[in-house]
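*Asks:* Below is one structure. I have some questions about it.
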Amino acid sequence: MLPNVLYLHSHDTGRCVQPYGHQVPTPNIQRLADQGLLFRHAFSAAPVCSGSRAALLTGENPHSNGMLGLAHRGYALADYRHHLVHVLRDAGYWSALVGEQHVSEDPADIGYDHVVEIDHTRADAVAPATATLLEQLPGRQPFFLSVGFFETHREYFEPTSVRDALYSLPPANLPDTPETRRDMAAFKASARSLDQGVGAVLNALDEADLADETLVILTTDHGLAFPGAKATLTDRGLGVMLILRGPGGFHGGRVSDALVSQLDLFPTVCELAGIEAPAWLHGRSLLPLMRKEAREVNDVLYGEITYHAAYDPQRSVRTRRFRYIRRFDAEHEGPVLPNVDDGPSKDLLVAHGWAERPQPREQLFDLVFDPQEGANVVDDPAYAEVATDLRARLDAWMRETEDPLLDGPVPPLPGAARNRPDKRSPDDPIYVVEGSAT
């Protein structure tokens, strides 16, 4: 029997939930981890919303599938037939979308059999709509159901208690101040809302007696919407929660330390369902890990960003021990502040001169001795061979995947909106390719 697939996804959560050891109470997500398999070293293909989601759902790197920027700013997949729903439909699946998707400005372009109409995409609307859909599924046809929550995207909810606002520990790369503590408390309030939505959907799956035959995939698009995370190619930007539960060995409350990518989910679903994997896929099935035929399916992972709110082309390569990052924009030397969501933590850094701090063209981090990626050793003679090797790997990957950056700066798509990289906020005036400000 073909397994159902329930794809649960959030905005900007990174790994900052309870099962990864953080003081962020998410009991429903913890319960899913206790029942399934949690990946400690899972990464998205891009640290931005549309690029990461498009990569997961097509199995292709963003520069290969066309999603070089944000869908709501004018970017789209080069071929929506590469979306997972079309491969599954050919195998007999019915598909539906509830809530957030961020792969097309118009959800109808994607190809779902059914799109649920709701007023907004926060958990208090998405979860009840999903529960209703699960009660009314058409027959016993296998289904692919995408359920997207807006949480934990900014703007965050208000902190739920004075205690949280006073005592919450901010991300390790940020200073511990009243501003960052309160900012983190607000994130935690949004994470609680996300957890309640996840719990409501999982309960509805149980009540519909579908849990045993459904592969549940819980993940997020990229890292937290804090400075130094989202829109960066560090582990803070690309690292994501990933919990799978269901047929194929994804059960038992286990933890995997394998190096895995969201690109691996498409081929995993194909193998689990007995579907021939399309030739365009860039990932690898995770089932060899489940069958204990391998300890790893990847020895290296790649990441990228081209456009977010503004142009900031970067590429990275990540091995078990090292991360190498290369910036390609020769014109802008400082941080691209429009690519950092506005908030108290950003305001604090800007007030202390962040905009004037130059950004290196190359970075190399030894993740054993520097897990926070704060000490760039790319020019350290002791790491010369590592740097040479990772440069070569990155160059080879870009050639093999026909990365447009090989031909120089990547122009924006006609009509695509973007911010200037030297501005401060994504809410600053946006410029369309033709040059007219809006």
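*Asks:* At 7 Å along the Cα-to-beta-carbon direction for both H114 and M1, put a label point, then send me their distance in nm to one decimal.
*Replies:* Label at H114, label at M1, 1.9 nm between them.
*Asks:* Could I have the simple spin-label model distance between A384 and H332, label points 7 Å from Cα toward Cβ, reported in nm to one decimal?
*Replies:* Output for this residue pair reads 3.5 nm.
*Asks:* If you don't mind, there's one more thing I want to ask. Which whole-Hz couplings ³J(HN,Hα) result when phi for each residue of the stretch 227-240 is put into the Karplus expression 6.51 cos²θ - 1.76 cosθ + 1.60, θ = phi - 60°, listed in order with x for Gly and Pro?
*Replies:* Per-residue couplings from phi come out as x, x, 10, 3, 6, 10, 9, 7, 4, 5, x, 9, x, 9 Hz.
*Asks:* I'd like the trypsin sites (Lys or Arg not before Pro) in the stretch 208-317 restricted to DSSP loop residues with at most 11 other Cβ atoms within 10 Å, sorted by number.
*Replies:* R291, K292, R295
*Asks:* Right, here's the next one. Given a cut-off of under 8 Å on Cα pairs at least six residues apart, what relative contact order in percent is computed for the stretch 38-83?
*Replies:* 28
*Asks:* Which trypsin sites (Lys or Arg not before Pro) in the stretch 136-187 sit in a loop by DSSP (not H, G, I, E or B) and have at most 11 other Cβ atoms within 10 Å of their own Cβ? All intermediate terms of the calculation are to be shown ahead of the outcome.
*Replies:* Values: sites: R140, R154, R163, R181, R182; in loops: R140, R154.
Passing sites in the stretch 136-187 are R140.
*Asks:* Have a look at G246, G374, G14 and tell me which one the Gaussian network model of the chain (Cα, springs below 10 Å) gives the largest fluctuation.
*Replies:* Of G246, G374, G14, the most mobile in the Gaussian network model is G374.
*Asks:* Stretch S161-D34 to full length: gain in nm at 0.36 nm per residue minus the Cα-Cα span?
*Replies:* Net length gain for the segment: 43.0 nm.
*Asks:* Moving on. Rg and Dmax in Å for the stretch 146-188, alpha carbons only: what are they?
*Replies:* 11.5, 38
*Asks:* Report the normalised scattering of the chain as log10 I(q)/I(0) at q = 0.08, 0.09, 0.12, 0.13 Å⁻¹, calculated by the Debye formula with identical scatterers on the alpha carbons.
*Replies:* Log-scaled intensity ratios, in q order: -0.42, -0.54, -1.00, -1.19.
*Asks:* Here's a follow-up. Of all the accessible heavy-atom surface of the chain, with the other protein chains kept in place and a 1.4 Å probe, what percent is carbon and sulfur?
*Replies:* Answer for the chain is 50 percent, counting heavy atoms of protein chains only.
*Asks:* A further question follows. Quote the Stokes-Einstein diffusion coefficient, in whole µm² s⁻¹, for the stretch 58-133, based on the Kirkwood radius over alpha carbon pairs, a temperature of 25 °C and a viscosity of 0.890 mPa s.
*Replies:* It diffuses with D of about 182 µm²/s by this estimate.
*Asks:* Hey, in the GNM for the chain with a 10 angstrom Cα cutoff, which one of D342, D106, D119 fluctuates hardest?
*Replies:* D119
*Asks:* Test of understanding: in a Gaussian network model of the chain with alpha carbons linked when under 10 Å, which of Q101, Q359, Q136 would top the mean-square fluctuation ranking?
*Replies:* Most flexible of the set in this elastic network: Q136.
*Asks:* Quick one: helix 123-135 against the long Cα principal axis of the chain, what's the angle to the nearest 10°, folded into 0 to 90?
*Replies:* With both axes taken from Cα atoms, the answer is about 30 degrees.
*Asks:* Given R₀ = 35 Å, what would the calculated FRET efficiency be for Q372 paired with D407, taking r from the Cβ atoms and rounding to 0.05? Kindly include the intermediate steps, with their values, before the conclusion.
*Replies:* Values: r = 35 Å, r/R0 = 0.99.
Step by step, r from the Cβ atoms, then E = 0.50.
*Asks:* Same structure, new question: If R₀ is 56 angstrom, what is the calculated FRET efficiency for the pair E362 and R81, using the beta carbon separation as r and rounding to 0.05?
*Replies:* On the way: r = 38 Å, r/R0 = 0.67.
Here the calculated transfer efficiency is 0.90.
*Asks:* What are the ³J(HN,Hα) values, in whole Hz, obtained from phi via the Karplus relation 6.51 cos²θ - 1.76 cosθ + 1.60 with θ = phi - 60°, for each residue of the stretch 9-21 in sequence order, with x given for Gly and Pro?
*Replies:* Going residue by residue, I get 8, 10, 9, 6, 9, x, 10, 7, 9, 3, x, 9, x Hz, with x marking Gly and Pro.
*Asks:* What is the diffusion coefficient of the stretch 208-366 in µm²/s, taking the Kirkwood radius over Cα pairs and the Stokes-Einstein relation at 4 °C with a viscosity of 1.567 mPa s?
*Replies:* 72
*Asks:* Still on this structure, please answer the following. Between E100 and residues 5 or more places away or on another chain, which pairs have amide H atoms under 5 Å apart, with H built 1.01 Å from N, and which residues are they?
*Replies:* For E100, the qualifying residues are G148, F149, F150.
*Asks:* Counting only heavy atoms of protein chains, what accessible area per residue, in Å², does the chain have with a probe of 1.4 Å?
*Replies:* Details: 17700 Å² over 438 residues.
So the chain comes to 40 Å² accessible per residue, rounded to a whole number.
*Asks:* Which whole-number percent is the relative contact order of the stretch 123-240 (Cα, under 8 Å, 6+ apart)? It would help to have the intermediate numbers written out before the result.
*Replies:* Working: 124 pairs, mean separation 30.7, N = 118.
After rounding, I find 26 percent.
The values are calculated or read from the model by the stated rules, or taken from the named source; none is laboratory data. Given the structure is predicted, the values throughout are model-derived calculations rather than measurements. All Cβ positions, glycine included, derive from the backbone under ideal geometry; neighbour counts span all protein chains shown. The accessibility values were calculated without ligands, DNA or RNA, using every heavy atom of the protein model including side chains. Shrake-Rupley method; radii C 1.70, N 1.55, O 1.52, S 1.80 Å.
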